[in-house]
Amino acid sequence: MNQLIAQADELQRVVDARGWRSFIIGARQIGHSHRHCAGGIPFEEEIIDRASEYEYVPGIRLRTVSAEDLIVLKAFANRRHDWSDIAGIVARQLVLDWAEIVARLSPLAELKGEPAILVELERVRLEVTREW
């Protein structure tokens with residue numbers, strides 16, 4: 001655990017020195033908490049607020065983003081491998097709040113000038129859910 005905390009500290013120093021934004025980097029050991037996060041735009045801050053703890057292995061908890069937020073982030077990145085990742089997330093999640101996903105993604109896709117992201121998201125959603 002100490003090595004994980006040291007790595008997170010070093011990564012945060014690099015992020016701070018370069019002026020980069022980070023979403024969530026951190027770990028929490030029962031009885032000891034350590035968290036690094038920064039949000040630059042409201043959506044990033046909301047992701048951090050919605051993040052929840054997951055006990056990865058006994059005694060070590062990691063803060064993770066919601067499945068909905070991960071879908072939004074990957075769709076916004078709009079890289080080929082992100083779409084297969086999204087399909088995997090959709091296949092594993094029994095319930096997703098699609099209205100929230102679209103509401104969060106729409107302004108980001110508009111800002112990026114890539115409204116086709118929403119069309120691709122719907123295509124992936126329909127393709128995966130049709131297989132159920």
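Each value in this text was obtained by applying a stated rule to the coordinates, not by laboratory testing. Values in this document were obtained by computation on a predicted structure and should not be read as measured data. Virtual Cβ from ideal backbone geometry, glycine too; neighbours counted across all protein chains shown.
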Protection proxy ranking of 70-78, 98-106 - average other beta-carbon atoms within 10 Å, highest first
70-78, 98-106
Scoring only Lys, Arg, Asp and Glu (+1, +1, -1, -1) among other residues with Cβ under 12 Å from the Cβ of GLU100 yields -2
Once you list every other residue whose beta carbon is under 13 Å from the beta carbon of GLU46, what net charge do they have if Lys and Arg are +1 and Asp and Glu are -1?
-4
Starting from 0.36 nm per residue, how many nanometres of slack lie between ARG92 and GLU46 once their C-alpha separation is accounted for?
14.2 nm
If every Lys and Arg gets +1 and every Asp and Glu gets -1 at its Cβ, then about the Cα centre the range 75-122 yields a dipole, in debye to the nearest 20, of 160 debye
Stick to the Cα atoms of the range 87-132, pair each with every other, and give me the Kirkwood hydrodynamic radius in Å at one decimal.
11.2 Å
